[in-house]
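Just so it is clear, none of the values below were taken in a lab; they were calculated from the coordinates. Computed from a predicted model, the values in this text were never measured in an experiment. Heads up, the Cβs are rebuilt from the backbone with ideal geometry, glycines too, and the neighbour counts pull from every protein chain shown.
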Amino acid sequence: MKCQYRFLRPPVPLRRATLDNLAIVPGNLLPHKAAWQEVANRLPNEAILIMLPTNNAIQKQTLLTVAKLLSKEGHQVRVVSSEEVARTDA
């Protein structure tokens, strides 16, 4: 079977871009983007925001494991419950 994926170099503007921070957010919090974006913007550059879902224990455990691994690698990680963001946004 032939591989259907072909990876190319990203465009120059994308290669030159610098990221402020990264946010890993469950899909059900997309309507509350303004609230978690505010939390992410308060973090220092190159920090990682991880929003924990409240209704899915498997996803929550997976994201906690990701947070632990990223912390061990030296990244600054902030873990926030999605309930907190939904409460502040309402």
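Rounded to the nearest 20 debye, the dipole size of the stretch 12-89 about its Cα centre is 200 debye, using +1 on the Cβ of Lys and Arg and -1 on the Cβ of Asp and Glu.
Most tightly packed first, judged by the mean number of other beta-carbon atoms within 10 Å of their residues, the peptides 5-14, 24-33 read 24-33, 5-14.
For a test of the definition: using alpha carbon positions, the gyration tensor, and the 1.5 limit on a/c, classify the stretch 12-89 as rounded, prolate or oblate. Verdict is oblate for the stretch 12-89. Note on the stretch 3-50: along the principal axes its Cα atoms extend 38, 25, 15 Å, ordered by decreasing extent. Connecting C-alpha atoms closer than 10 Å in a GNM of the chain, tell me which of E46, E38, E73 has the biggest fluctuation. Maximum fluctuation in the GNM of the chain, among the listed residues, is at E73. Annotation: extensible slack from L19 through A34 equals 3.6 nm (criterion: 0.36 nm per residue apart, minus Cα-Cα distance). Determine which aspartates and glutamates satisfy two conditions relative to K72: a Cα distance under 17 Å, and not lying fewer than 8 residues away in the same chain. Output for K72: E46.
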